[in-house]
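No lab work stands behind these numbers, since they all come straight from the coordinates. Note that the structure is a prediction, hence the values are computed from the model and not measured. Neighbour counts are summed over all protein chains in view; Cβ atoms, including those assigned to glycine, are modelled from backbone coordinates with ideal geometry.
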Amino acid sequence: MYTVIGGVRSRTFRVLWMLEELGQPYEHLPAAPRSDDVVAHNPSGKVPVLLDGQIPLTDSTAILTYLADKHGAMTFPAGTIDRARQDGHTQFLLDELDALLWTASRHSFILPEELRVSAVKDSLKWEYERSLERLEWRLGKGPYLMGETMTVPDIIAAHCGGWAVVAKFPQPNGALKDYFERLRSREAYQRAQAA
Ligand SMILES: N[C@@H](CCC(=O)N[C@@H](CS)C(=O)NCC(=O)O)C(=O)O
């Protein structure tokens with residue numbers, strides 16, 4: 001049995017969505033970052049944490065990859081060219097979407113107030129807009145980043161897209177807007193949100 005620790009309005013959502021896509025049962029403990037329930041399994045206090053039985057796993061991308069490999073879905077097999085391309089999309093998203101959004105969050109409400117530099121958000125938004133152009137190029141004809149098969153990076157992309165709405169970052173048009181809407185309209189996405 002899996003236990004997912006972390007609130008739905010965090011990167012924990014990625015794990016909940018993946019488990020819904022895989023049709024795997026899980027329990028959800030919506031604990032706040034740095035709370036005792038989180039620190040007990042992850043000394044950094046960060047969420048998500050996935051308990052596979054009693055074993056804690058951390059870091060959303062590692063968890064998604066583990067689940068996809070273990071259940072043989074939402075991924076191409078390790079050691080294939082397709083997997084290398086899939087992992088390239090994942091790394092791009094972490095470097096060029098997730099990192100920008102996370103830096104903006106840190107300068108909004110994570111860092112001690114005296115260390116926050118609000119002005120940095122203008123350059124992050126500018127960079128994010130360029131990242132969206134690159135993502136559209138990577139998507140090509142779609143419907144998913146890896147063509148007909150939905151995989152791990154699609155979950156990260158759609159999560160970052162939703163995060164960008166909350167963070168008031170630039171929003172995509174055209175094919176990329178349709179792509180995000182296609183992912184958000186999935187039943188598994190809706191079920192994860194209801195968590
Ligand atoms: N790379 C990690 C980042 C985890 C992370 O920073 N999570 C945030 C919530 S989305 C958190 O717990 N922040 C609390 C903190 O930084 O103290 C992942 O993808 O899981």
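Of the trypsin sites (Lys or Arg not before Pro) found in segment 1-103, the ones in coil according to DSSP and having at most 16 other Cβ atoms within 10 Å of their Cβ are Arg9, Arg34. Ordered by the count of other Cβ atoms within 10 Å of each Cβ, fewest first, Phe169, Phe92 give Phe92, Phe169.
Just to confirm a number: summing +1 for Lys and Arg and -1 for Asp and Glu over residues other than Gln91 whose beta-carbon lies under 12 angstrom from that of Gln91, what do you get?
-2
Dipole orientation for the chain: of the candidates Met74, Met18, Leu93, Leu93 has the Cα lying most toward the positive pole (charges on Cβ; Lys, Arg +1; Asp, Glu -1). Within the listed set Phe109, Phe13, Phe180, the residue fluctuating most in the Gaussian network model of the chain (springs between alpha-carbon atoms under 10 angstrom) is Phe109. Tell me the mean residue ellipticity at 222 nm calculated for the chain from its helices only (DSSP H runs of n ≥ 4, each -39500 (n - 2.57), averaged over every residue, nearest 500). Value at 222 nm, helices only, nearest 500: -16000 deg cm²/dmol.
Just add up the charged neighbours of Thr61: K/R +1, D/E -1, any other residue whose Cβ is under 11 Å from the Cβ of Thr61.
Value of the local net charge: -1.
How large is the charge dipole for the chain, taken about the Cα centre, if only the Cβ atoms of Lys, Arg (+1) and Asp, Glu (-1) carry charge, to the nearest 20 debye?
Using only the charged Cβ atoms, the result is roughly 300 debye.
For the chain, lysine pairs separated by 8 or more sequence positions, or belonging to different chains, with Cα-Cα distances below 18 Å total 5.
Hand me the trypsin sites (Lys or Arg not before Pro) from segment 122-152 located in a DSSP loop with no more than 12 other Cβ atoms within 10 Å, in residue order please.
Lys141
Taking amide H atoms as placed 1.01 Å from N in the peptide plane, list the residues 5 or more away in sequence, or in a different chain, whose amide H sits under 5 Å from that of Leu57. Close amide H contacts, sequence-distant or interchain: Leu50, Leu51, Asp52. Amide H contacts for Leu29 (H built 1.01 Å from N in the peptide plane; partners 5 or more residues away or on another chain; cut-off under 5 Å): Val4, Ile5, Gly6. Think of the chain as a dipole: +1 on every Lys or Arg Cβ, -1 on every Asp or Glu Cβ, centred on the Cα centre; then among Pro153, Pro30, Leu135, Leu135 lies furthest on the positive end. Among Asp122, Asp98, Asp178, a tally of other beta-carbon atoms within 10 Å of each Cβ gives an order, fewest to most, of Asp122, Asp178, Asp98. As a proxy for reagent exposure, ranking Met74, Met1 by other Cβ atoms within 10 Å from fewest up yields Met1, Met74. Per-residue 3J(HN,Hα) values for segment 52-57, derived from phi via the Karplus relation 6.51 cos²θ - 1.76 cosθ + 1.60 with θ = phi - 60°, read 9, x, 9, 8, x, 10 Hz in sequence order (x marks Gly and Pro). Counted residue by residue at 0.36 nm each, then reduced by the alpha carbon distance between them, the extension gain from Met1 to Asp36 reaches 10.5 nm. Using a/c under 1.5 as the rounded threshold, could you call the chain rounded, prolate or oblate? The axes a ≥ b ≥ c are square roots of the C-alpha gyration tensor eigenvalues, and prolate needs a/b larger than b/c, oblate otherwise. Since a/c reaches 1.5 but b/c is at least a/b, the shape of the chain is classed as oblate.
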